[in-house]
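Below: one structure, written as structure tokens.
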Amino acid sequence: MITQDKINMMLNQQTMHADFLQQTLDLAENNVLLNKGGPFAAIICREQKIIAACTNTVTCSNDPTAHAEIMAIRTACTRLNTFQLIDCILYSSCEPCPMCLGAIYWARLKKVYFACNRYDAAQAGFDDSFIYNEIALQAEKRQIIMQHIQLKESLKPFTTWQAEEHKVPY
């Protein structure tokens, strides 16, 4: 049986998540008005405190990887002095693109909330469907030519890594 206290707690959490998402939307819109980059923002929180609040800076930094989620992950990792954000939540103004999704998994974020989805982004001119399609293809069938060349020493970095006693696994 769900108690009124449980319902209130769930509503409070929904309100908190909605508040953080609204902050990302405000940041994203402000980013457009300041002409700093695309209409995207991301916030990373730990224990309901903001660790990083970043926007897309692709065009002003000439960095195609400067998506809001990537910038927020970089900032949070620097501030927390770690490469894993296992106890953090990411709030994004939009569903993360394939690159950002990969970074989210590498950073091991606990949870992600987003306001708009990839179809909303596509309607606004940010269509990543071709990347999702390319990922599903074998490397040699992708639009950008990718060819595997096996060298005699190709595996040496991996065997060195496996043998290293003082490595930091990730």
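The values are calculated or read from the model by the stated rules, or taken from the named source; none is laboratory data. Worth saying up front: this structure is predicted, and the values here are computed from it rather than measured. Glycine gets a Cβ as well: all are built from the backbone with ideal geometry, and neighbour counts include every protein chain shown. Only protein heavy atoms, including side chains, enter the accessible area calculation; ligands, DNA and RNA are left aside. Shrake-Rupley method; radii C 1.70, N 1.55, O 1.52, S 1.80 Å.
Expressed as a whole percentage, what fraction of the accessible surface of segment 19-170 belongs to carbon and sulfur atoms when a 1.4 Å probe is rolled over the protein heavy atoms?
Solvent-exposed carbon and sulfur of segment 19-170 make up 56 percent of the total.
Which loop trypsin sites (Lys or Arg not before Pro) in segment 81-170, with loop taken from DSSP, have no more than 16 other Cβ atoms within 10 angstrom of their Cβ?
Within segment 81-170, the qualifying trypsin sites (Lys or Arg not before Pro) (loop, at most 16 other Cβ atoms within 10 Å) are 108, 110, 142, 152, 167.
Exactly which GluC sites (Glu not before Pro) in segment 68-170 are in a DSSP loop and have at most 11 other Cβ atoms within 10 Å?
Here the GluC sites (Glu not before Pro) that fit, given the DSSP loop and packing criteria, are 153, 164, 165.
Just the number please: accessible area per residue for segment 60-163, 1.4 Å probe, all protein chains included, in Å².
Per residue, segment 60-163 has 71 Å² of solvent-accessible surface.
Using amide H atoms built 1.01 Å from N in the peptide plane, name the residues 5+ places from residue 94, or on other chains, whose amide H lies under 5 Å from its own.
Under 5 Å from the amide H of residue 94: 41, 115, 116.
Under the definition of Cα pairs under 8 Å and six or more residues apart, what whole-number percent is the relative contact order of segment 20-154?
18
Output ³J(HN,Hα) for segment 13-18: one whole-Hz value per residue in order, computed from phi by the Karplus curve 6.51 cos²θ - 1.76 cosθ + 1.60 with θ = phi - 60°, and x for Gly and Pro.
3J(HN,Hα) across segment 13-18, in whole Hz: 5, 4, 5, 4, 5, 5.
Have a look at 35, 56, 12 and tell me which one the Gaussian network model of the chain (Cα, springs below 10 Å) gives the largest fluctuation.
Among 35, 56, 12, the largest mean-square fluctuation in the Gaussian network model of the chain belongs to 12.
If I ignore ligands, DNA and RNA and count only protein heavy atoms, how much of residue 109 is accessible to a 1.4 Å probe, in Å² to the nearest 10?
30
What does the net charge come to around residue 148 if you take all other residues with beta carbon closer than 13 Å to its beta carbon, with K and R at +1 and D and E at -1?
Counting the neighbours of residue 148, the net charge comes to +1.
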